[in-house]
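Structure record follows, encoded as structure tokens.
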Amino acid sequence: MRLNPDYKEAYLNLGLVYQSVNNFQKAIDAIEKALTIDPDYPKALVSMKALYQSIGDNARAAYYESKLKSLGIDPESTNR
């Protein structure tokens, strides 16, 4: 990421690693960075939806689901 700070995939992957070790705040921060680079990045949006669902924040999960739907993407069929 130091070589290419706009590499959204790296931030998403970092967030997924943090999520896998239950470091949810760092996961959110990393995936939000990916979304700062590309606000319509489907994989990051799906990941945020799933992350917020996993921690019981259904309101934020619903926000990301709505965002996906507004882009014409079925939130249930998109692979992370």
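Each value in this text was obtained by applying a stated rule to the coordinates, not by laboratory testing. What you see is a predicted model, and the numbers here were worked out from it, not measured in a lab. Heads up, the Cβs are rebuilt from the backbone with ideal geometry, glycines too, and the neighbour counts pull from every protein chain shown.
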Inset, instruction - Considering each residue of segment 28-64, count those that are closer than 18 Å to Gly15 by Cα, part of a helix (DSSP H, G or I) and not polar (S, T, N, Q), and give that number. - result: 22
Inset, instruction - Please go through segment 39-74 and pick out each residue that is surrounded by fewer than 18 Cβ atoms within 10 Å (Cβ to Cβ), touching a helix residue (DSSP H, G or I) at 6+ places or on another chain (Cβ under 6 Å) and more than 23 Å from Asn23 (Cβ to Cβ). - result: Ile73
Legend entry - All positions within segment 9-56 that are of a type in the set (Gly, Ala, Ser) and more than 10 Å from the chain's Cα centre (by Cα): Ala10, Ser20, Ser54, Gly56
Inset, instruction - Could you list, in sequence order, all residues of segment 1-33 that are within 18 Å of Gly56 (Cα to Cα) and hydroxyl-bearing (Ser, Thr, Tyr)? - result: Tyr18, Ser20
